[in-house]
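This report refers to the structure that appears directly beneath it.
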Amino acid sequence: LAFVAAVLQRLDRDDWVWRSDVGWSDYDVEISGSRWSQLQLTTVAEDHPPDSQMICCRLRPRWSLAARLAFWGLLGLGLLVIGLMGAWQPWSWLVLLILPVAAGWLWLDQRKLQSVIAVLLDELAKELKLTRVSSGPREPAPRPKTEMPTGPSPFRKENAGNT
């Protein structure tokens, strides 16, 4: 809870628009980055011996209500154009190509917000003297070396003079 409180203080200090969860949602804080993107921050704390904790943060970007309305409005407008011009303009279906472009632009906006908040969390963790643990792929533990037995092998028949 102290980490989440520190995050909220940092968001206030940096003039971010945020809304905390009242206990019914699956996130702790929802941060508004722009008119088009929001980010849900979820934290989990795990106890580890001796007397330490691991704090995990999930950053989940979302489209804002304005972004959803704009996207579906573009789809409706495109279908209206197709319906009005479709009889004499068969290429009017190309109007729908604006949808992947809009979705890509919204995705880039979400990634930018996610990157900025990740940097903010890293700076806050350094200030609180927390150690970052890599979440990348781990290398397997080294296998213990075993010595090969000397002498006759139990898997092959030794030449006992029979040919």
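The simple Förster model, with R0 at 30 Å and r as the Cβ-Cβ distance, assigns Trp18 and Met54 a FRET efficiency of 0.80.
Once the piece of chain linking Ala45 and Leu1 is laid out straight, how much longer is it, given 0.36 nm per residue of separation minus the C-alpha distance between them?
Working: separation 44, 0.36 × 44 = 15.84 nm, distance 0.89 nm.
Between Ala45 and Leu1, full extension yields an extra 14.9 nm.
Residues in region 31-108 average 68 Å² of solvent-accessible surface per residue, probe 1.4 Å, ligands and nucleic acids excluded.
The values are calculated or read from the model by the stated rules, or taken from the named source; none is laboratory data. All values reported here derive from a predicted model rather than from experimental measurement. Cβ: placed from backbone, ideal geometry, glycine included. Neighbour counts: every protein chain shown. Just the protein is used for accessible areas: all its heavy atoms, side chains included, with ligands, DNA and RNA removed. Shrake-Rupley method; radii C 1.70, N 1.55, O 1.52, S 1.80 Å.
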